[in-house]
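Novice: Encoded as structure tokens, here's the structure I'll be asking about.
The values are calculated or read from the model by the stated rules, or taken from the named source; none is laboratory data. For clarity, every value in this text was computed on a predicted model and none was experimentally measured. So basically every Cβ, Gly included, is an ideal-geometry build from the backbone, and we count neighbours across all protein chains shown.
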Amino acid sequence: MKKIHYIILLLSVVLSSCNDYLDVVPDNVATLDYAFLDKVGAEKFLATCYSYLPDFGSPGADPAIMGSDEIWIHAEDSYYSAYTGSFYAYNIKRSQQNVTNPLSNFWDGGYSGKNLYIGIRDCNIFLENINKVGDDLEESERVRWIAEVKFLKAYYHYYLLRMYGPIPIIRENLPVSSSIDEVRIFREPFDDCVDYIVQLINEAVPDLPLEISNVATDLGHITQPIALAIKAELLVTAASPLFNGNTSYSDVVDSRGIKLFNSTYNENKWKLAMEACKNAIDTALLANHRLYVFNDTRYTLSDETKRVMSLRNAFGQRWNEEVIWGMSKNTTANMQIISMPYFTLNDVQSSARQPILSPTMMAAEMFYSEKGVPIDEDISYNYEGRYSTSAAKDQIYYISSGWETANLNQKRESRFYANLGFDGGVWFGNGRYKDIGKGTATETSWIIDAKSGKTSGKTSSMRYSATGYFAKKYSHFESVSATTSGTTYVRMVFPIIRLADLYLLYAEARNEYSGPDAEVYQYLDLVRERAGLDGVVESWATYSKYPDKPQNKEGLREIIQRERMIELAFEGKRFWDLRRWKIADQVLNTSVKGWNVAGTTAIDYYNVITLELLQFTTKEFLWPLRQQSLRVNPNLAQNPFWDN
């Protein structure tokens, strides 16, 4: 059997063959003829194309999780490396990104990054060979698989584009006879890359299903709503300040003298983004996607707890109707292990859990007050006294009545309580399924006791929250600790994009293109309504120091950005949003803060301490290319400011 060879376009090597990469053929016979001999082999190769998807939601592999300023860990200890990917993604926010061995390297692969150019190569191989499969592959399946792989190829280009800016476009694989000059390819201008990705998605969409018909086997496969949602996200990214009118990149040219960034602002990019978002929303609704609402009849709950569970489960309930695209691979296992607090003494003594993922003080302060506006704008909220303590009252479904806790934890919106666990906070689920005050002592909701020496607090030099907060959203409410057999984790599907995300992208794009109007408010208010909040205009007019803020583009832009950071907290969105909005250098040069978790009393515990000072420089808006890649292929230009 003749072996067919292709160039492996790793971009860090000049020329090599790919006869040793393929792991889908029995007995390691890595031949494309065999792989596409029949439907079974082709379907395995399809799975290989999917296998390059980044591990969304995996703390060690997704840079947008541990690389975000939303999360901190008490120590960079090798003890946690199995769960944290040796802290490579985590150290991106700690100014340790570099050109020698880039962290989360998705260009060459390594340091918790996958080589997405191999993924693109395999997509090309699939597209070039799928027509060789015989009659056992129905034509309708062949057409659908081609569409899926076109989308995957587009997505891998997009993921690289968001990280690196201009990238080489790999339209097809090069034959082994290619010269060295032919394989020393160039990065293409950013706008050309966007156009190519959009073209691929547009080609794929008509042949993708609106919904998955065989739920048992095909969940996670690409659908029309998925493709259109990613197209919308791509075009919003392309319209955003980092890539639209950014004069900081005006002098970036390659060795041909071609400008890689267009530094002229183009308002029409927002129009294209707006239209793509609306199309994606309409298609998602047609496919029966809806904002998730908790309605599990097994549990008799207060309206407050139901609302918290609606918000918590919009993220955590597997394949719920809001999730447009979820990560079918179980990437959230480690997330649950290192986020769920200890609830009992047995947990502390015998559980394998490592509750180290700690939401920062910034994340806690980000959520609105109960009035639906920022706490530093709320005319009724004691912002200056937020770090002082008082006994909680009239908040029994959120905080234990009478518990001495920080004012910061009180009188907050429901998304605060859906996302965060804290000292004195109520935690429904995870072994207890009665509302607070209902049932027996072993049935009613947990109360988190996070002071030093207490069950959920610091009891040793390891395995504790560095800030005093826990990411409640990261654990499925039915994951439970048993007395002797450890913890049983209910599998979650990390949402890559959900409907609320699309609503907020549309509101953003529409506001940027045409300014505030009823439709922008409508999609913002749909998200806020589930959280039990009044509409944007009413909330600001009634409760904010700046009652007219939603009435102008600049003020509404700030509100939309805040709304995204709240609704999509800890979901890997803030990391990318701060960069595309071109405000990361304003936001991330700050201190990471938390409570004094060594404190044993309220007086000692509720003192704000600084854990580290973050620094973010202009060059960090984009990933660097590895120096070795540039030596091998001098046609690749380094990203701005990484040469210094």
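Novice: Using beta carbons and a limit of 6 Å, which pairs, at least six apart or on different chains, have the first residue in region 599-627 and in contact (Cβ under 8 Å) with a residue 24 or more places away in the chain and crowded, with 16+ Cβ neighbours inside 10 Å and the second one of a type in the set (A, V, I, L, M, F, W, C) and part of a helix (DSSP H, G or I)?
Specialist: PHE616/ALA584; TRP623/MET163
Novice: With the condition kept exactly as written, say whether any residue in region 228-249 is surrounded by fewer than 21 Cβ atoms within 10 Å (Cβ to Cβ), free of Cβ contacts under 8 Å to residues at least 12 places away in the same chain and not charged (D, E, K, R).
Specialist: Within region 228-249, none of the residues are surrounded by fewer than 21 Cβ atoms within 10 Å (Cβ to Cβ), free of Cβ contacts under 8 Å to residues at least 12 places away in the same chain and not charged (D, E, K, R).
Novice: Among the residues of region 430-459, write down those that are touching a Ser or Thr at 6+ places or on another chain (Cβ under 8 Å) and in a strand (DSSP E or B).
Specialist: ARG432, LYS434, ILE447 - these are the residues of region 430-459 that are touching a Ser or Thr at 6+ places or on another chain (Cβ under 8 Å) and in a strand (DSSP E or B).
Novice: Related question: Which condition number in (1) among the polar types (S, T, N, Q); (2) under 23 Å from LEU625 (Cα atoms); (3) modelled with pLDDT of 95 or more is the one that SER255 fails?
Specialist: So the condition that SER255 fails would be (3).
Novice: If you don't mind, another one. Across region 52-81, which residue is modelled with the highest pLDDT among those that are assigned to a loop (DSSP other than H, G, I, E, B) and more than 18 Å from the chain's Cα centre (by Cα)?
Specialist: Initially, region 52-81 is screened for residues assigned to a loop (DSSP other than H, G, I, E, B), giving 52-62, 67-70, 73-77.
Filter again for more than 18 Å from the chain's Cα centre (by Cα), leaving 73-77.
On the way: ILE73: 96, HIS74: 93, ALA75: 91, GLU76: 90, ASP77: 89.
So the residue we want is ILE73.
Novice: Check region 484-504 and report whether any residue there is at pLDDT 95 or above and more than 29 Å from SER240 (Cβ to Cβ).
Specialist: There is no residue in region 484-504 that is at pLDDT 95 or above and more than 29 Å from SER240 (Cβ to Cβ).
Novice: Something else about it: Would you check which residues across region 611-637 are out of contact with any Lys or Arg (no Cβ under 7 Å at 6 or more places or on another chain) and part of a helix (DSSP H, G or I) and list them?
Specialist: Once the filter is applied, which keeps residues that are out of contact with any Lys or Arg (no Cβ under 7 Å at 6 or more places or on another chain) and part of a helix (DSSP H, G or I), region 611-637 yields THR618, LYS619, GLU620, GLN627, GLN628, SER629, LEU630, ARG631, VAL632.
Novice: Kindly check whether there is at least one residue in region 616-624 that is aromatic (Phe, Trp, Tyr) and more than 28 Å from GLY468 (Cα to Cα).
Specialist: Just the residues of region 616-624 that are aromatic (Phe, Trp, Tyr), to begin with: 616, 621, 623.
If we keep only those that are more than 28 Å from GLY468 (Cα to Cα) as well, we get 621, 623.
Yes, there is a match, as at least one residue in region 616-624 is aromatic (Phe, Trp, Tyr) and more than 28 Å from GLY468 (Cα to Cα).
Novice: Ok, one more. Tell me the helices (runs of 4 or more DSSP H) entirely within region 154-226 that contain at least 2 residues that are of a type in the set (Val, Ile, Thr) and in contact with a helix residue (DSSP H, G or I) (Cβ under 7 Å, 6 or more places away or on another chain). Walk me through how you get there before you give the answer.
Specialist: Values: elements: 180-183, 190-204, 215-218.
Because the criterion is at least 2 residues that are of a type in the set (Val, Ile, Thr) and in contact with a helix residue (DSSP H, G or I) (Cβ under 7 Å, 6 or more places away or on another chain), the helices (runs of 4 or more DSSP H) in region 154-226 that meet it are 190-204.
Novice: Is at least one residue of region 565-572 touching a residue at least 24 places away in the same chain (Cβ under 8 Å), among the small types (Gly, Ala, Ser) and over 20 Å from PRO516 (Cα atoms)?
Specialist: First, pick out the residues of region 565-572 that are touching a residue at least 24 places away in the same chain (Cβ under 8 Å): 565-572.
Those left that are additionally among the small types (Gly, Ala, Ser): 569, 572.
Now drop any that are not over 20 Å from PRO516 (Cα atoms), which leaves 569, 572.
Scanning region 565-572, I find at least one residue that is touching a residue at least 24 places away in the same chain (Cβ under 8 Å), among the small types (Gly, Ala, Ser) and over 20 Å from PRO516 (Cα atoms), so the answer is yes.
Novice: While we're on this one: What residue, among those in region 364-407 that are free of Cβ contacts under 8 Å to residues at least 40 places away in the same chain and aromatic (Phe, Trp, Tyr), is farthest from THR601 (Cα to Cα)?
Specialist: Here the residue is TYR381.
Novice: When you scan region 300-352, how many residues do you find that are without any contact (Cβ under 8 Å) to a residue 12 or more places away in the chain and more than 24 Å from GLU529 (Cβ to Cβ)?
Specialist: Residues meeting the conditions: 1.
Novice: What number of residues within region 408-442 are free of Cβ contacts under 8 Å to residues at least 24 places away in the same chain and buried (at least 24 other Cβ atoms within 10 Å of the Cβ)?
Specialist: Total satisfying the criteria: 1.
Novice: Going through region 52-99 one residue at a time, which ones are of a type in the set (Val, Ile, Thr) and within 25 Å of SER328 (Cβ to Cβ)? Please lay out each step first, then the result.
Specialist: Filtering region 52-99 down to residues of a type in the set (Val, Ile, Thr) leaves 65, 71, 73, 84, 92, 99.
ILE65, ILE71, THR84 - these are the residues of region 52-99 that are of a type in the set (Val, Ile, Thr) and within 25 Å of SER328 (Cβ to Cβ).
Novice: Then there's this: Determine which single condition ILE167 fails, assuming it passes every other condition in (1) under 30 Å from TYR265 (Cβ atoms); (2) buried (at least 16 other Cβ atoms within 10 Å of the Cβ); (3) without any contact (Cβ under 8 Å) to a residue 24 or more places away in the chain.
Specialist: All conditions are met except number (3).
Novice: Turning to a different aspect of this structure: Just checking, how many residues over region 253-268 are more than 26 Å from the chain's Cα centre (by Cα), in a loop (DSSP other than H, G, I, E, B) and in contact (Cβ under 8 Å) with a residue 40 or more places away in the chain?
Specialist: Within region 253-268, the first condition is being more than 26 Å from the chain's Cα centre (by Cα), and the residues that meet it are 253-260, 262-268.
Subset that is in a loop (DSSP other than H, G, I, E, B): 254-258, 260, 262-267.
From what's left, in contact (Cβ under 8 Å) with a residue 40 or more places away in the chain: 254-256, 258, 260, 262, 267.
Here the count works out to 7.
Novice: What about ASP501, is it over 21 Å from ILE379 (Cα atoms) and of a type in the set (Asp, Glu)? Don't jump to the end; show me each part of the working.
Specialist: On the way: over 21 Å from ILE379 (Cα atoms): yes; of a type in the set (Asp, Glu): yes.
Judged against the criteria, ASP501 is a match.
Novice: Specify which of the listed residues (ILE92, ILE120) is buried (at least 19 other Cβ atoms within 10 Å of the Cβ), β-branched (Val, Ile, Thr) and either out of contact with any Phe, Trp or Tyr (no Cβ under 7 Å at 6 or more places or on another chain) or free of Cβ contacts under 8 Å to residues at least 60 places away in the same chain (or both). Walk me through it before giving the result.
Specialist: Numbers: ILE120 fails: either out of contact with any Phe, Trp or Tyr (no Cβ under 7 Å at 6 or more places or on another chain) or free of Cβ contacts under 8 Å to residues at least 60 places away in the same chain (or both).
Answer to the selection: ILE92.
Novice: Would it be correct to say that SER400 is at pLDDT below 95 and of a type outside the set (A, V, I, L, M)?
Specialist: Details: at pLDDT below 95: no; of a type outside the set (A, V, I, L, M): yes.
It is false that SER400 is at pLDDT below 95 and of a type outside the set (A, V, I, L, M).
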